[in-house]
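Here the structure is laid out as structure tokens; the discussion comes afterwards.
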Amino acid sequence: MARYRDAKCRLCRREGMKLFLKGARCFTDKCAIERRNYPPGQHGLNRGKLTAFGVQLREKQKAKRIYGVLEGQFRKYFHWAERERGVTGENLLKLLELRLDNVVHRLGFAASRREGRQMVAHGHLAVNGRKVSVPSFLVKVGDVVQLRPNSKHAPRVDDNLNAGRGQIPQWLEVDPNERKGFVRSLPLREDIQIPVSEQLIVELYSK
């Protein structure tokens, strides 16, 4: 399973904002953005102004890094979004939001999408009563996402639910006592609170 293995905080510094890739650490003074708010590398402080292409590229890279997907998979999501009805950019973000690792994070079971990916890959989650270990699994309206019996009362899950760092989006519903979540509807654009301009991504791939 391909994934980014280098330092996650470099990604936040490169994009110039918190992408919340490391969970609780991002809310402390140890966050890299708080210490060195400039791009990594020896020329990080002396980077010039971005071109129009550079602005579009940064938006695409930002979306990839927030959701933890690599280029090939991200491009596949874009082609799916093009074939669906509606606005391509919004369709793209909806597909990314419906990934199981993202849903686990949105429900509050995981402190970050990276942790959600790990929980799914290690077999801690079930969808509609069946074990799912593929983080890119796309949930559908009406699906029930829950922790498996042996994982329900893991201390880490308790800590994440008690922290309550993010508000549960309207398209999801959670039962914290049963460690269970429900997909009530498809996400709307206003439900997807990420700092990305999806239209710039569409313009980049449309060249």
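With respect to residue 110, determine if the residue is within 16 Å of residue 134 (Cβ to Cβ), crowded, with 20+ Cβ neighbours inside 10 Å, hydrophobic (A, V, I, L, M, F, W, C) and modelled with pLDDT under 95.
Details: within 16 Å of residue 134 (Cβ to Cβ): yes; crowded, with 20+ Cβ neighbours inside 10 Å: yes; hydrophobic (A, V, I, L, M, F, W, C): yes; modelled with pLDDT under 95: yes.
The answer is yes for residue 110.
The set of residues in the range 126-152 that are exposed (fewer than 12 other Cβ atoms within 10 Å of the Cβ) and among the basic types (Lys, Arg) comprises 130, 131, 140. Tell me, yes or no, whether the range 149-169 has at least one residue that is within 27 Å of residue 80 (Cβ to Cβ), of a type in the set (D, E, K, R) and under 19 Å from the mean Cα position of the chain (by Cα). So far as the range 149-169 goes, no, none of its residues is within 27 Å of residue 80 (Cβ to Cβ), of a type in the set (D, E, K, R) and under 19 Å from the mean Cα position of the chain (by Cα).
Pick from 90, 84: which is over 14 Å from the mean Cα position of the chain (by Cα), under 16 Å from residue 188 (Cα atoms) and at pLDDT below 95?
Numbers: 90 fails: at pLDDT below 95.
None of the other options fit; the residue is 84.
Could you say which residue among 203, 190, 178 is at pLDDT 90 or above, over 17 Å from the mean Cα position of the chain (by Cα), assigned to a helix (DSSP H, G or I) and more than 14 Å from residue 141 (Cβ to Cβ)? Step by step, each of 203, 190, 178 is checked, and only 203 is at pLDDT 90 or above, over 17 Å from the mean Cα position of the chain (by Cα), assigned to a helix (DSSP H, G or I) and more than 14 Å from residue 141 (Cβ to Cβ). Within the bounds of the range 134-142, is there any residue that is in contact with a helix residue (DSSP H, G or I) (Cβ under 6 Å, 6 or more places away or on another chain) and under 16 Å from residue 68 (Cα atoms)? Yes, the range 134-142 contains at least one residue that is in contact with a helix residue (DSSP H, G or I) (Cβ under 6 Å, 6 or more places away or on another chain) and under 16 Å from residue 68 (Cα atoms). Please tell me if residue 160 is without any contact (Cβ under 8 Å) to a residue 40 or more places away in the chain and either outside any loop (DSSP other than H, G, I, E, B) or of a type in the set (Ser, Thr, Tyr) (or both). So residue 160 fails the test. The condition of being surrounded by 15 or more Cβ atoms within 10 Å (Cβ to Cβ), under 22 Å from residue 196 (Cα atoms) and not β-branched (Val, Ile, Thr) holds for residue 92. Taking the criterion of being in a loop (DSSP other than H, G, I, E, B), free of Cβ contacts under 8 Å to residues at least 24 places away in the same chain and of a type in the set (D, E, K, R), no residue of the range 119-154 qualifies.
Restricting attention to the range 46-95, the residues that are closer than 28 Å to residue 111 by Cα and free of Cβ contacts under 8 Å to residues at least 12 places away in the same chain add up to 5.
The residue that is farthest from the chain's Cα centre (by Cα), counting only those in the range 26-78 that are at pLDDT below 70 and charged (D, E, K, R), is 47.
The values are calculated or read from the model by the stated rules, or taken from the named source; none is laboratory data. These numbers were taken from a predicted model, which means no experiment stands behind them. As a convention, Cβ positions derive from the backbone with ideal geometry for all residues, glycine included, and neighbour counts pool all protein chains shown.
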